[in-house]
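Everything on this sheet refers to the single structure shown next.
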Amino acid sequence: MKVVALVSGGKDSCYAMMKCIQYGHEIVALANLMPADDSVDELDSFMYQTVGHQIIVSYAECMGLPLFRRRIQGSTRHQTLNYKTTPGDEVEDMFVLLNEVKRQIPSITAVSSGAIASDYQRLRVESVCSRLGLVSLAYLWKQDQSLLLQEMITNGILAITVKVAAIGLEPSKHLGKEIAFLNTHLHKLKELYGINVCGEGGEYETLTLDCPLFVNARIVLDEFQIVLHSPGSIASVGVVHPLTFHLENKETAISLSNNDKTNYSSLGKNGSVFEVQGDCPQRSDATCQSNAERTNLAEVSDDRIYISRTKKDNIFSICCWLQESCKNSAGSHEDLAIVLKHIESQLTGYGFGWEHVLYIHLYIADMNEFATVNETYVRFITQDKCPFGVPSRSTIELPMLQASLGRAYIEVLVANDNSKNVLHVQSISSWAPSCIGPYSQATLHKEILHMAGQLGLDPATMTLCNEGPSAEMEQALENSEAVANVFNCSISISAIVFTIYCSRNTPLPERLKIQEKQDSFLEQMRLLQLEKGSKCKVLYPIFLYVLVPDLPKRAFVEVKPILFVPEDTETAVTSVQNPTSFTVANCWGFQHAQWHDSCIQKCVVSGKICAVILSITEDHVAKICSESLGVNVKDVDYHNSVAKGDMERVSRFCVYLLDKGIMENGFSWEDTMEPPFALSTLDDDGLASPSWNSTSMIDRTLTTKRIIALRALNLETIPQHLIDTGKSVYSSRTHGKTLLGSPVSVPLLGRLRKNE
């Protein structure tokens, strides 16, 4: 991409440019914001470094690039973390500046910044980029500051301190010194006082005088004055006021070693400086969708729209789908627009909006339509509508048309409060894959971390690993761990459930390697956490393996963890892989047998969470049905077909086991938070294939064909359908294949209630 770099003169913005070039981007322009008064060194700004601004003008000549500058007219007016367009705010000066750069150089598609740890600054850059249709690049984001500082020094960043404001940094002693000289001292202060060695806490600021990007000249600061702002305090604040400086031409371009793949040859030999003027916009420039566009959807009769929700008011799920897709439908995006419209209507009816949504499961019939589906999605769910953070999301392809579920199916998890903590990083960085748009990496609500589905993407390039499925799995787990670390937890010790989506294009031997990679990665990370002295109780999660037709970007694997992040690290935790026998009342004629325990996995946090995965294999079906017939299981063949009556018995058995699994841990159906998960069928070739919002299960050996899989995640809501229908069961046939249903499967219960 062609990039305009935001430069303050500091080491971070310069090194961020070097990283952009390392990852194949091209710096074509520089942008800088400076005080309105040249004599002023520092503004009272939460956003911009201005100390040393008198020298920034030289960057154009040093790098041979055009430099666009604007005098800051605004001030800090919108002080909350998530920025909203505010007239008179200093962020609007950045908008005007970058808008002019984009006008003069239309080929620019990205903006580089040196953000390392400040969400305040990153979110504002991302906000401006979003309004201008630009991509934010922040390659220093969340990097280890000690390693980062050493990298800068090693890679030729020559920067001096121009401001100090921390205990242990004295203006008379430490201003004007090179970072290489101060490196050891900064790490000593980190050990003593916990300072940020890169100055991310405002401990110090720098001015870059030379670096490999300065292909034409280096800056020599001849004379400067030290200005004290708070002399005599414990941490005296002082800044450098430049008096005279000059450029020292470089006779030859900087030679790079053969091992250095970075190429700065595209930087020019001459640079011009442009001052950007004009007033800041008085209202938001964000494009708003007209009501006409929103309501211009194909009319759909109510009897073809299915909506289902759990009962409890504080956390509940809503599902919506079309029984049959419109014959004249243009594709998944049109079905999705209809479904989103009705979800939105339901939310409004309950007194809620998209800002109350924690998580969205999006299932589509054709991943080839992902781009148009996404365009539809972002028309309904916008950042303006979600001031507390946009929902996290996973997107999966499933053959829903076979099950008469339309081309698009939505499941949303809703909370009646705004206490959620949303992580939404739109900038491309080396930290974790960016979420450019109204979907976030993770949402924490009431100790449950709902993480977006993670692909095996290299964060810096946003491309899939090319070493195969197991490499994708490892990268997806690394990405998940990076997200978890932001919430001070780890997927290796805090995960409750892992849903592993595996593309059907993945060969069977590679599926085995995927599981091996998962197990070894989690074990290694678990040991590392214990070595660090983690105070969190170790959870041993349960795994749901799902074989799907396709994933975004044609990925082989997608990982979707759900984590428990306790406010109290001493919370009791119990993990159950093979639950012990628990006696419940005789239910529909079932009596406990030892083999029942092989059907169920649980992870329990005492008094708080009970996560359950129930899986029924073909062999289990044979046992269930043979018991009802009083025949030997060996004489029964259920591999190819199951009679309707037998299907009902299997469904009742599922409810019986779920009852048992939930009740033995002190929970009830009235505590269900998310609807359970899943059905699958068998193709004519005997291969398992999906039929609703989850597909055939790949078990712990990834080989057993399963014809039922049900997941119940249990917190604070009621599956009212279970109560209303009196635990009825439902079965149907689709394309000659049997589709199994269960009263704990919200969509199927929705269909049942429609058909009653």
So what is the relative contact order for region 361-440, in percent, with contacts set as C-alpha pairs under 8 Å and at least six apart?
40 percent
For region 460-573, which whole-number percentage of the solvent-accessible area (1.4 Å probe, protein heavy atoms only) is attributable to carbon and sulfur atoms?
50 percent
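Relative contact order of region 34-140, please, whole-number percent, based on alpha carbon pairs below 8 angstrom and at least 6 residues apart.
Working: 121 pairs, mean separation 23.0, N = 107.
So the answer I get is 21 percent.
Please give me, ordered by residue number, the GluC sites (Glu not before Pro) of region 434-510 that lie in loop per DSSP and have at most 16 other Cβ atoms within 10 Å.
Details: sites: Glu447, Glu467, Glu472, Glu474, Glu478, Glu481, Glu510; in loops: Glu447, Glu467.
Counting only loop positions with at most 16 other Cβ atoms within 10 Å, the GluC sites (Glu not before Pro) in region 434-510 are Glu447, Glu467.
Determine the shape class of region 29-159: with a ≥ b ≥ c the square roots of the Cα gyration tensor eigenvalues, call it rounded for a/c under 1.5, and otherwise prolate if a/b is greater than b/c, oblate otherwise. Can you show the working numbers first?
Values: a/c = 1.27, a/b = 1.16, b/c = 1.09.
Here region 29-159 falls in the rounded category.
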Could you do me a favour and compute the accessible area per residue for region 52-118, 1.4 Å probe, result in Å²?
34 Å²
³J(HN,Hα), Karplus 6.51/-1.76/1.60, whole Hz, each residue of region 96-112, x for Gly, Pro:
4, 4, 6, 5, 6, 4, 5, 5, 7, 10, x, 6, 5, 10, 8, 10, 9
With the 8 Å Cα cutoff and a minimum separation of six or more residues, region 106-190 has a relative contact order in percent of 23 percent
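What percentage of the solvent-accessible surface of region 17-117, computed with a 1.4 Å probe over protein heavy atoms, is contributed by carbon and sulfur atoms?
Numbers: 1690 of 3520 Å².
Carbon and sulfur together cover 48 percent of it.
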Taking amide H positions as placed in the peptide plane 1.01 Å from N, state which residues far from Val273 in sequence (5 or more) or on other chains have amide H under 5 Å from it.
Leu67
Going by the alpha-carbon gyration tensor, a ≥ b ≥ c the square roots of its eigenvalues, is region 1-95 rounded (a/c under 1.5) or, if a/c is not under 1.5, prolate (a/b greater than b/c) versus oblate?
oblate
Residues meeting the amide H criterion for Ser440 (H placed from the backbone, H to H distance under 5 Å, 5 or more places apart or on another chain) are Ser392, Arg393
Non-local amide H neighbours of Thr499 (under 5 Å, H modeled in plane, Pro and chain starts lacking H): which ones?
Leu544, Lys560, Ile562
Region 426-490 to region 125-146: how many Å between their Cα centroids?
16 Å
For region 402-539, with every protein chain kept in place, what is the accessible area per residue (1.4 Å probe, Å²)?
33 Å²
Output ³J(HN,Hα) for region 381-391: one whole-Hz value per residue in order, computed from phi by the Karplus curve 6.51 cos²θ - 1.76 cosθ + 1.60 with θ = phi - 60°, and x for Gly and Pro.
10, 10, 5, 5, 7, 10, x, 9, x, 7, x
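The values are calculated or read from the model by the stated rules, or taken from the named source; none is laboratory data. Because the structure is a prediction, the values reported are computed rather than measured. Every residue, glycine as well, gets a Cβ built from its backbone with ideal geometry; the counts of neighbours run over all protein chains shown. Heads up: the accessible areas ignore ligands, DNA and RNA and are worked out on the full protein's heavy atoms, side chains in. Shrake-Rupley method; radii C 1.70, N 1.55, O 1.52, S 1.80 Å.
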